[in-house]
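Asker: Before we start, here is the structure in question, set down as structure tokens.
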Amino acid sequence: MTTADDATPSRLRDKPTWLISQVSALAHRLLTDRLATAGARGYHYRLLAALQESGPGSQAQLGRRAGLDRSDVAAALNELAGQGYITRSPDPGDRRRNIITITPAGRRQLERLDELLAEIQDELLTPLSASQRQQLIFLLSRVLDG
């Protein structure tokens with residue numbers, strides 16, 4: 001039960017920055033909890049999606065495609081390799097780096113994670129109609145594209 005002491009100050013309730021941060025925290029909790037049921041993290045999804053859409057690439061390329069820091073990429077790729085979702089092979093053009101490729105098991109995992117993400121989107125956006133969801137996506141994209 002929310003009491004007057006727990007109520008969000010009215011000055012915050014109409015601030016997009018506050019609202020976005022609150023929705024982001026809720027979305028992050030849903031995402032983290034649900035991906036954990038599949039033995040995955042958000043970084044795993046982002047890397048597998050980048051590999052599926054753009055094809056094999058170096059660790060640095062994958063980090064740029066997925067918008068991840070290099071140190072986070074290395075750790076997540078180690079986890080994905082350990083689960084058999086990616087392979088590393090020497091780059092024929094530069095033996096100092098590896099080319100990362102998604103495996104068939106990685107493609108299946110990505111499909112499972114896509115299904116989980118669809119469920120998460122539905123849960124997060126339950127209060128919105130289909131047209132409101134499309135409008136929200138459009139508006140958030142506009143803000144990001146700035």
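The values are calculated or read from the model by the stated rules, or taken from the named source; none is laboratory data. Keep in mind the model is a prediction, meaning the values are calculated, not measured. Counting neighbours? That spans all protein chains shown, and the Cβs are built from the backbone with ideal geometry, glycine included.
Asker: If SER54 satisfies every condition in (1) out of contact with any Lys or Arg (no Cβ under 9 Å at 6 or more places or on another chain); (2) closer than 28 Å to GLN121 by Cβ but one, which is the exception?
Answerer: (1)
Asker: Looking at (1) loosely packed, with under 12 Cβ neighbours inside 10 Å; (2) closer than 21 Å to GLU53 by Cβ; (3) aliphatic (A, V, I, L, M), which is the only condition LEU113 fails?
Answerer: Every condition holds for LEU113 apart from (1).
Asker: Same structure, new question: I'm trying to understand the selection: among the residues of segment 34-57, which are farther than 21 Å from LEU117 by Cα and loosely packed, with under 15 Cβ neighbours inside 10 Å?
Answerer: GLY55
Asker: Next question. Residue pairs, Cβ under 9 Å, 6 or more apart or interchain, first in segment 128-142 and exposed (fewer than 12 other Cβ atoms within 10 Å of the Cβ), second outside any helix (DSSP H, G or I). List them.
Answerer: Every condition considered, the pairs that remain are GLN132/LEU125.
Asker: Among (1) polar (S, T, N, Q); (2) more than 25 Å from GLU115 (Cβ to Cβ); (3) surrounded by fewer than 17 Cβ atoms within 10 Å (Cβ to Cβ), which single condition is GLN61 missing?
Answerer: (3)
Asker: Let me ask another. For segment 71-101, which residues satisfy the criterion of being more than 22 Å from THR32 (Cα to Cα) and within 20 Å of the chain's Cα centre (by Cα)?
Answerer: ILE100, THR101
Asker: So, in segment 95-146, how many residues would count as being touching a strand residue (DSSP E or B) at 6+ places or on another chain (Cβ under 8 Å) and part of a helix (DSSP H, G or I)?
Answerer: Residues in segment 95-146 being touching a strand residue (DSSP E or B) at 6+ places or on another chain (Cβ under 8 Å) and part of a helix (DSSP H, G or I): 2 in total.
Asker: Can you confirm whether segment 65-72 contains a residue that is touching a Lys or Arg at 6+ places or on another chain (Cβ under 9 Å), modelled with pLDDT under 95 and in a loop (DSSP other than H, G, I, E, B)?
Answerer: Yes, some residue in segment 65-72 is touching a Lys or Arg at 6+ places or on another chain (Cβ under 9 Å), modelled with pLDDT under 95 and in a loop (DSSP other than H, G, I, E, B).
Asker: Just for segment 84-103: of the residues that are surrounded by 15 or more Cβ atoms within 10 Å (Cβ to Cβ) and among the polar types (S, T, N, Q), which one is nearest to ARG65 (Cα to Cα)?
Answerer: Selected residue: ASN98.
Asker: How do the pairs read when you match residues in segment 66-93 that are under 17 Å from GLN52 (Cα atoms) with residues anywhere that are surrounded by fewer than 15 Cβ atoms within 10 Å (Cβ to Cβ) and of a type outside the set (A, V, I, L, M), using Cβ under 6 Å and keeping only pairs 6 or more apart or on different chains?
Answerer: THR87/THR101
Asker: Just wondering, is there one or more residues in segment 35-51 that are part of a helix (DSSP H, G or I), touching a strand residue (DSSP E or B) at 6+ places or on another chain (Cβ under 7 Å), touching a residue at least 40 places away in the same chain (Cβ under 8 Å) and among the aliphatic types (A, V, I, L, M)?
Answerer: Scanning segment 35-51 turns up at least one residue that is part of a helix (DSSP H, G or I), touching a strand residue (DSSP E or B) at 6+ places or on another chain (Cβ under 7 Å), touching a residue at least 40 places away in the same chain (Cβ under 8 Å) and among the aliphatic types (A, V, I, L, M).
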